Structure formats: C-alpha cells, structure tokens
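Reviewing the structure listed below.
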Amino acid sequence: MYTRRVVVAASVGLHARPAALVARKAAEQSVAVSIAKVVDGAPGGAVSAASVLGLMTLAAGHGDEVELSADGDGAREAVDALATLIEREPDTEEAAAHQPS
C-alpha cells in the first residue's frame with residue numbers, strides 16, 4: 001500500500017468544483033484511491049476519492065491535511081496524481097490559463 005499526506009490548497013476546500021475535479025481524476029486511475037481527513041495526526045474514516053459526495057463528507061477545508069492511499073500496480077502514480085491536484089489552488093491556475101499572453 002502506498003500512502004501520502006497532502007494539504008488542501010483550494011480556498012473552498014474539497015467542496016463542489018474541487019471535489020469534482022479530484023473525483024474525475026481519481027476515476028481515471030488504474031487503481032482505487034482512498035482519502036481521509038487527518039485530525040490530530042491520525043487519519044479519520046476513508047472514502048473513495050472517486051466519489052464527489054464522499055469527498056464533500058470529509059469536510060476537508062483549505063489548509064487541512066488529508067491522507068491518500070492505494071494498493072496494487074500503479075498505486076504510487078495514482079496517489080501522486082491526486083496529491084498534485086489537491087496541493088494546488090484550482091481557481092488560481094484556471095484564471096492564469098485564461099489570461100491573454
């Protein structure tokens with residue numbers, strides 16, 4: 001099993017659009033990825049990272065730490081792909097992508 005902890009960068013946390021982006025990316029992976037909110041250094045109950053509703057029930061806000069985990073071939077790649085997405089502010093990157101050059 002491969003596990004990685006990251007801090008939620010989205011200003012709204014893992015809610016609505018950021019949750020949808022993470023769920024979409026998770027569904028593209030070759031292995032199932034679980035995610036749990038870390039409280040007092042310990043991960044809570046894990047949910048499927050491919051579930052928008054599950055992600056929203058974590059109530060992971062901006063600056064909260066979450067733990068991603070997956071098992072099997074491709075686990076590291078899947079977890080790292082989601083970690084990269086969670087560690088960035090989606091609104092900032094989207095706004096930058098639409099700026100004229």
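The values are calculated or read from the model by the stated rules, or taken from the named source; none is laboratory data. All figures in this text were calculated on a predicted structure; none of them were measured in a lab. No Cβ is skipped: glycine too gets one built from the backbone with ideal geometry, and neighbour counts run over all protein chains shown.
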- Residue check, G45 against (1) in contact (Cβ under 8 Å) with a residue 60 or more places away in the chain; (2) farther than 10 Å from L14 by Cα, all met but one. Which one? (1)
- Message: Need a quick list: helices (runs of 4 or more DSSP H) entirely within the stretch 7-88 having at least 2 residues that are surrounded by 16 or more Cβ atoms within 10 Å (Cβ to Cβ), out of contact with any Leu (no Cβ under 8 Å at 6 or more places or on another chain) and at pLDDT 95 or above.
- Response: 52-57, 75-86
